[in-house]
Amino acid sequence: DTGVSQNPRHKITKRGQNVTFRCDPISEHNRLYWYRQTLGQGPEFLTYFQNEAQLEKSRLLSDRFSAERPKGSFSTLEIQRTEQGDSAMYLCASSSSPRGGTYEQYFGPGTRLTVT
Amino acid sequence: AQSVTQLDSHVSVSEGTPVLLRCNYSSSYSPSLFWYVQHPNKGLQLLLKYTSAATLVKGINGFEAEFKKSETSFHLTKPSAHMSDAAEYFCVVSPGFGNEKLTFGTGTRLTIIP
């Protein structure tokens, strides 16, 4: 168990550029989640996958955002035409079959995006 | 709909004294409740969880939380604070049982005074 990893850890981009983040979950975890955390706030849910299927998307996930998990392993989150309001920490988490009916989500270190 | 309210944005305690971080929740379901901790430049770590079993939940590093349905509360406690406890703490709710979207509170920053 090597934990959830995210790359890059930091990304600085200019407004209008596209960015892509990668998340590698804990191996054999079938669920993968994306959250966004702005300064001074708790993380907010964006979307999640079970295997390769995207099961739920938050209304926070505008048309400029897209997430994929093509083979049910790693996932990518792409933001097109970035805006300054997209500046945040993007967190990934993964989980496996529930114990006691609840999935425990394990978080990665996050990717900090700064849009200038 | 579900939400959590963390009643204190910042708590300061002296090393060796008790810690109390307060959380109230709102949920249409019988919720699952969690406390996560976030140290600077580190990922979120699960401290403990409540999933409708025992109402007093023990977690890592000496932390406990008690689920009180009548008060819709899930306060986090620790008998004796340690310097390494300084961090941001988040109270979290989810509907559970297949719907695992976590809803986080705004966090409580815990400062430990030497």
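The values are calculated or read from the model by the stated rules, or taken from the named source; none is laboratory data. This structure is a prediction, so every number in the text was calculated from the model and none was measured. Ideal geometry is used to build each Cβ from the backbone, glycine not excepted, and the neighbour counts take in all protein chains shown. In case anyone asks, the SASA skips ligands and DNA or RNA and just uses the protein heavy atoms, side chains included. Shrake-Rupley method; radii C 1.70, N 1.55, O 1.52, S 1.80 Å.
So here's what we get for this one:
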| read-out | value |
| --- | --- |
| Scan of the range A:1-19 for residues that are of a type in the set (Ser, Thr, Tyr) and either touching a helix residue (DSSP H, G or I) at 6+ places or on another chain (Cβ under 9 Å) or within 13 Å of A:Thr114 (Cα to Cα) (or both), ordered by number | A:Thr13 |
| Among the residues listed as A:Ser75, A:Ser87, A:Ser94, the single one being of a type in the set (Gly, Ala, Ser), touching a Cys at 6+ places or on another chain (Cβ under 9 Å), within 23 Å of B:Asn41 (Cα to Cα) and free of Cβ contacts under 8 Å to residues at least 60 places away in the same chain | A:Ser75 |
| Residue list for the range B:1-18, filter: open to solvent by less than 40 Å² (accessible area, probe 1.4 Å) and either β-branched (Val, Ile, Thr) or touching a Pro at 6+ places or on another chain (Cβ under 7 Å) (or both) | B:Gln2, B:Val4, B:Val11, B:Val13 |
| Residue match in the range A:20-32 (condition: more than 24 Å from B:Glu100 (Cβ to Cβ) and away from chain B (no Cβ under 12 Å)) | yes |
| Any strands (runs of 3 or more DSSP E) falling wholly within the range B:49-114 and containing at least 3 residues that are open to solvent by less than 30 Å² (accessible area, probe 1.4 Å) and within 13 Å of chain A (Cβ to nearest Cβ) | B:87-94 |
| Pick from the range A:94-115, criterion at the interface with another protein chain (Cβ under 8 Å from one of its Cβ atoms) and at pLDDT 85 or above, ranking: surrounded by the fewest Cβ atoms within 10 Å (Cβ to Cβ) | A:Pro109 |
| Selected residue (criterion: most open to solvent (accessible area, probe 1.4 Å)) from residues of the range B:19-41 that are in contact (Cβ under 8 Å) with a residue 24 or more places away in the chain and not in a strand (DSSP E or B) | B:Tyr29 |
| Enumeration of residues in the range A:72-83 that are open to solvent by 40 Å² or more (accessible area, probe 1.4 Å) and modelled with pLDDT of 95 or more | A:Phe74, A:Glu78, A:Gln80, A:Arg81, A:Glu83 |
| Residue satisfying all of: in the range A:22-46; open to solvent by less than 70 Å² (accessible area, probe 1.4 Å) and without any contact (Cβ under 8 Å) to a residue 24 or more places away in the chain; farthest from A:Ala88 (Cα to Cα) among these | A:Phe45 |
| Long-range neighbours under 6 Å by Cβ, at least six apart or interchain, first residue open to solvent by less than 20 Å² (accessible area, probe 1.4 Å) within the range A:59-71, second assigned to a loop (DSSP other than H, G, I, E, B) | A:Arg69/A:Glu52 |
| Qualifying positions in the range A:47-57 - surrounded by 15 or more Cβ atoms within 10 Å (Cβ to Cβ), more than 10 Å from chain B (Cβ to nearest Cβ) and not aromatic (Phe, Trp, Tyr) | A:Gln54, A:Lys57 |
